[in-house]
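Every number in this text was worked out from the coordinates using simple rules, so none of it is lab data. Remember, predicted model here, so these are calculated numbers, not experimental data. Note: ideal-geometry Cβ built from the backbone for every residue, glycine included; neighbour counts use all protein chains shown.
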Amino acid sequence: MGDASIFKSHFDKNAEMREEEDEELERMKRRKLEEMMGRITGRTEEVKPSSKTSGKPVDLTDATFTKFVKDNAMAVVDVWAPWCGPCRFVSPVVEEIARDYAGRIAFGKLNVDQNRRVASEYGIMGIPTILVFKNSKLVDQIVGAMPRQGLEPRIVRHL
């Protein structure tokens, strides 16, 4: 009886994990299909409200990335992936800095698993990578996790 309940528990956990993976795969398929349809019809996705006013990083895609960078005099993009441990360390740091510099710096987040074009275009080989743009020009590329006291000065020196 003990072995049967252990097996059932393990089976239930695996079924839950498969269900979560299936849902994530479906979200990725939907997003990719929407992106492809946008290219075919000539319609591009609108960038959500600027993080300069909201104080929160904006979720970016390959379709919205260029507009976001061009529309903001100072733009910082956190390039990440959900499975990346160091990315999960940097994310709250980026969110704190975004909150503190709201109105002066626009912050965005780009999931490389779902948006490979930008990663390829900027030669991103490791994550997390923070891209810093001033007047649409890349002025810094910060690779790897670091605490706020290391990251913030690298960003704000470009103000």
Quiz prompt | Only listed residue being within 15 Å of the chain's Cα centre (by Cα) and within 21 Å of H158 (Cβ to Cβ), chosen from V112, V69 | solution = V69
Practice problem: Within the stretch 114-139, track down each residue that is under 12 Å from L60 (Cα atoms) and outside any helix (DSSP H, G or I). | Solution: Q114, N115
Practice problem: Please specify each residue of the stretch 123-153 satisfying the condition of being free of Cβ contacts under 8 Å to residues at least 24 places away in the same chain and either crowded, with 16+ Cβ neighbours inside 10 Å or in contact with a His (Cβ under 8 Å, 6 or more places away or on another chain) (or both). | Solution: V139, D140, I142
Practice problem: Write out, first by first residue and then by second, each pair whose Cβ atoms fall under 7 Å of each other, whose residues are 6+ apart or on separate chains, and whose first residue, in the stretch 81-94, is under 16 Å from M125 (Cα atoms) while the second is assigned to a helix (DSSP H, G or I). | Solution: A81/C87
Self-check item: In the stretch 91-105, the residues that are in contact with a Lys or Arg (Cβ under 8 Å, 6 or more places away or on another chain) and not in a helix (DSSP H, G or I)
Solution: A102, G103, R104, I105
